[in-house]
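Worksheet: the structure to be examined is printed underneath.
The values are calculated or read from the model by the stated rules, or taken from the named source; none is laboratory data. Treat the numbers as computed from the prediction; the structure is a model and nothing was measured. Cβ atoms come from the backbone with ideal geometry, glycine included; neighbour counts cover every protein chain shown.
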Amino acid sequence: MIDKVVNMIFSLDSLRTAVFAEVDLYNSVTRIMADDESSKIACAVWCDEDGWRGWNIKEDGTYYFHDIPEHTLGDIMGIVS
């Protein structure tokens, strides 16, 4: 049954691409969090069709995902104009 579901998901190109992108995002967060030096300064920002998204690590070591798209790059970076 699991094989059927996996084959169905991966038969759709756009869904397969989205799944791999999500896995890659979480793997990159895991790698950065495991490195003490990188985890102090890490962030990532990208533009989707509906706006800017990203993630960053706060000073206390927790990370924050910007799931709600922002209109501009300045908005997601917290820059006030």
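Quick notes on this one:
- Restricting the range 32-57 to residues that are charged (D, E, K, R) and within 25 Å of residue 69 (Cβ to Cβ) leaves a set whose member that is surrounded by the most Cβ atoms within 10 Å (Cβ to Cβ) is 53.
- Screening residue 69 against (1) touching a helix residue (DSSP H, G or I) at 6+ places or on another chain (Cβ under 6 Å); (2) modelled with pLDDT of 85 or more leaves a single unmet condition, (1).
- Within the set 75, 60, 3, the sole residue that is of a type outside the set (A, V, I, L, M, F, W, C), part of a helix (DSSP H, G or I) and exposed (fewer than 12 other Cβ atoms within 10 Å of the Cβ) turns out to be 3.
- Taking the listed residues 81, 14, the one that is modelled with pLDDT of 75 or more, of a type in the set (S, T, N, Q) and not in a strand (DSSP E or B) is 14, with no other qualifying.
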